[in-house]
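Input: a single structure, listed below in C-alpha cells.
The values are calculated or read from the model by the stated rules, or taken from the named source; none is laboratory data. As the structure is a computational prediction, the values presented were derived from the model and not from experiment. In this analysis, Cβ positions are derived from the backbone assuming ideal geometry, glycine residues included, and neighbour counts consider all displayed protein chains. When the accessible area is computed, the model is the full protein with side chains, heavy atoms only, and any ligands, DNA or RNA have been set aside. Shrake-Rupley method; radii C 1.70, N 1.55, O 1.52, S 1.80 Å.
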2 protein chains.
Amino acid sequence: MQLYDFPAPTPRRIRMFLAEKGVEIPRVCVDIAKGEQFRPAFRAINPSCTVPALMLDNGTVLSEVPAIWHYLEATYSKPTLLGGNPEETALILMWERRMEFDGYFAAAEAFRNSVPAFACRALTGPHEYDQIEAVAARGRARMLNFYADLDARLATVEFVAGAAFTAADITAIVSVDFAQNAVGISVPDRCENVLRWHERVAQRPSYQA
Amino acid sequence: MQLYDFPAPTPRRIRMFLAEKGVEIPRVCVDIAKGEQFRPAFRAINPSCTVPALMLDNGTVLSEVPAIWHYLEATYSKPTLLGGNPEETALILMWERRMEFDGYFAAAEAFRNSVPAFACRALTGPHEYDQIEAVAARGRARMLNFYADLDARLATVEFVAGAAFTAADITAIVSVDFAQNAVGISVPDRCENVLRWHERVAQRPSYQA
C-alpha cells in the first residue's frame, strides 16, 4: 500500500487515523499547492484529482476519506475507530458525517471561496468553479453554528460519537483546526465544552499527524 | 424498527435500498413540505431535522443515508449492496460518495437555491441559510459535468461501481431523477451510456420505491 498525501486538512484525516492505529505506510507527496493533483501523472492514479488516495498492493486506488478509512479499519482492526458492532458503527458514521457536513464543509466553503490561490477552484475535483463571495460568508456563518451545536453535544458526552474516541473526533478536530488556521474562525470562548474536548484530543499523539 | 420517511429524493435512497433487499419496515411520514421536520416532536427524534431517520427497536435513532445503509446492510445482508469484502466495499463507498458529491449535491444546490418554498432553507438542517442565485447556477453547471463524467465511467462498466448493481447506482439514479424532475436538467442526448444505464436501472422493481 501507499498513501498519496499532502500536509493539508483532508489527508490529515487519514494520517490521524493511521497514527491512532499505530501503523505507518509509505507516503507519496502530491503537492497540491503546485497543482500536482491536476497533472496527467496523478490524474491517471485518481481521475477525481483529490488527495488523499490509497493505492493497494494490487494497484486498486481508493479515494474519498470514508472509503479509505473503511479499508484501513478492515486491515488494521485494533484499536477500532469505526465501532465494534453495526449499531455503534452506524452511529459513528452518522456523527462523522455531521461533523463533515456542518464543520468540514463549512470551513472549506469559507476557505476556498476567499483565498486568491483557489480562484476557479471553489470546489474539489477536476472541474473549475468560480469563487462566490456569498458562499465564503455562508461558510463562516455555518462554522459558528457548528461550534454551538458541537458545544451542546459535548455537554453530554466525552467524545463526538459517545464515550470513546472515534473517526468522528478526527473529522471534528480537523475541521476546527482548518477553520482556525486557514480562515481565522476560532472556537468562541463561550463554547467551553468544545475547548475542553479540543485540549484533550490535542494531547493524543495522533494530533501531530 | 421504523423509518421516518417522505416522498422526496433523500429518503428514496433508503426506500430503494430496502426494496432491493425485499424488506418492508413500518414507515412514518414526516411532511417536509409542511415543515414537520422542524417541529418539536420530530426534533426530539432527530435534532438535525433531516429525513430519513431510522428508529431502532431499542430507541436509537440513526440519520444520514450512509449510516442507515450500513445498519440495514448488516441486518439484511442479502443481496449485498455494499460489497462482499473490504476492497469491494471501499470501492462502492468511494463511487457512492462521488455520485453524491458530484450529482446529488449539484441537484440539491440547483433546487434549494432557486425554489421559492426553500427560501432561507438553502441547506438541510436546523439552521436558516439564504438562497444564493450564483449557487443555483453552479449547481446546474455541476450537474452537466456530472452527466459527462458518469457517461465516461459507464462507457467501461455496467454499473457505477463495476459489474454489479450497488448502493452507488441508487445515489446516481436518484440524483439524475432529482435533477430532471425538480430542476429540469435532463440527461443530454449525447450521454448515451447514462441513458442506457438509466433505462436498465429503471426496470428494476426498486425504482418505483
Conditions: (1) away from chain A (no Cβ under 12 Å); (2) assigned to a loop (DSSP other than H, G, I, E, B). B:GLN131 meets all but one. Number of the miss? (1)
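Could you please give the count of residues in the range B:1-48 that are open to solvent by 70 Å² or more (accessible area, probe 1.4 Å) and under 18 Å from the mean Cα position of the chain (by Cα)?
Taking the range B:1-48 and keeping what is open to solvent by 70 Å² or more (accessible area, probe 1.4 Å), we get B:7, B:24, B:26-27, B:29, B:33-34, B:39-41, B:43-44, B:47.
Then keep just the ones that are under 18 Å from the mean Cα position of the chain (by Cα); that gives B:7, B:27, B:29, B:33.
Looking only at that region, the number is 4.
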When you go through B:PRO66, B:PRO79 one by one, which is the residue that is surrounded by fewer than 23 Cβ atoms within 10 Å (Cβ to Cβ), at the interface with another protein chain (Cβ under 8 Å from one of its Cβ atoms), touching a helix residue (DSSP H, G or I) at 6+ places or on another chain (Cβ under 9 Å) and closer than 30 Å to A:LEU56 by Cβ? B:PRO66
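Yes or no, residue by residue, for (1) out of contact with any helix residue (DSSP H, G or I) (no Cβ under 8 Å at 6 or more places or on another chain); (2) open to solvent by 10 Å² or more (accessible area, probe 1.4 Å); (3) over 30 Å from B:GLY84 (Cβ atoms); (4) among the aromatic types (Phe, Trp, Tyr):
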{"position": "B:ILE132", "(1), (2), (3), (4)": "no, yes, yes, no"}
{"position": "B:ALA136", "(1), (2), (3), (4)": "no, no, yes, no"}
{"position": "B:GLY139", "(1), (2), (3), (4)": "no, no, yes, no"}
{"position": "B:ASP151", "(1), (2), (3), (4)": "no, yes, no, no"}
{"position": "B:LEU154", "(1), (2), (3), (4)": "no, no, no, no"}
{"position": "B:ALA163", "(1), (2), (3), (4)": "yes, yes, no, no"}
{"position": "B:SER175", "(1), (2), (3), (4)": "no, no, no, no"}
{"position": "B:PHE178", "(1), (2), (3), (4)": "no, yes, no, yes"}
Take A:GLY59 and decide whether it is modelled with pLDDT under 95 and either touching a helix residue (DSSP H, G or I) at 6+ places or on another chain (Cβ under 6 Å) or surrounded by fewer than 22 Cβ atoms within 10 Å (Cβ to Cβ) (or both). no
For the range B:1-41, give me each residue that is more than 20 Å from B:ALA122 (Cα to Cα), assigned to a helix (DSSP H, G or I) and hydrophobic (A, V, I, L, M, F, W, C). B:ILE14, B:MET16, B:PHE17, B:LEU18, B:ALA19, B:ALA41
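Here are A:GLY84, A:GLY35: which of them is over 24 Å from B:VAL61 (Cα atoms) and of a type in the set (Gly, Ala, Ser)?
Details: A:GLY84 fails: over 24 Å from B:VAL61 (Cα atoms).
Criteria check complete, one pass: A:GLY35.
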Residue within the range A:116-128 that is farther than 19 Å from A:PHE17 by Cβ, facing chain B (nearest Cβ under 9 Å) and aromatic (Phe, Trp, Tyr) present: no
Test each condition in (1) within 10 Å of chain A (Cβ to nearest Cβ); (2) open to solvent by 20 Å² or more (accessible area, probe 1.4 Å); (3) assigned to a helix (DSSP H, G or I); (4) under 24 Å from B:TYR207 (Cα atoms) for B:GLU87 and report the one that comes out false. (4)
Considering only residues that are among the small types (Gly, Ala, Ser) and on the phi > 0 side of the Ramachandran plot, which ones fall in the range A:113-138? A:GLY125
Just one of B:ARG121, B:ARG153 is closer than 24 Å to A:GLN131 by Cα and not aliphatic (A, V, I, L, M); which is it? B:ARG121
Among the candidates A:ALA106, A:ALA122, A:ALA110, which residue alone is without any contact (Cβ under 8 Å) to a residue 24 or more places away in the chain and buried (at least 20 other Cβ atoms within 10 Å of the Cβ)? A:ALA122
The one condition in (1) crowded, with 24+ Cβ neighbours inside 10 Å; (2) closer than 14 Å to B:PHE105 by Cα that B:ASP169 fails to fulfil: (2)
Going by the conditions given, is A:SER186 among the hydroxyl-bearing types (Ser, Thr, Tyr) and assigned to a loop (DSSP other than H, G, I, E, B)? yes
Report every pair of residues separated by at least 6 positions or lying on different chains whose Cβ atoms are under 7 Å apart, first residue within the range B:171-188 and in contact (Cβ under 8 Å) with a residue 24 or more places away in the chain, second open to solvent by less than 40 Å² (accessible area, probe 1.4 Å) and in a loop (DSSP other than H, G, I, E, B). B:ALA172/B:VAL160; B:VAL176/B:VAL187; B:ALA179/B:ILE185
I'd like to know if the range A:46-55 contains one or more residues that are among the polar types (S, T, N, Q) and closer than 18 Å to B:PHE105 by Cα. yes
Exactly one condition in (1) more than 11 Å from every other protein chain (Cβ to nearest Cβ); (2) in contact with a helix residue (DSSP H, G or I) (Cβ under 6 Å, 6 or more places away or on another chain); (3) over 30 Å from B:GLN203 (Cβ atoms) is false for B:MET143; which is it? (3)
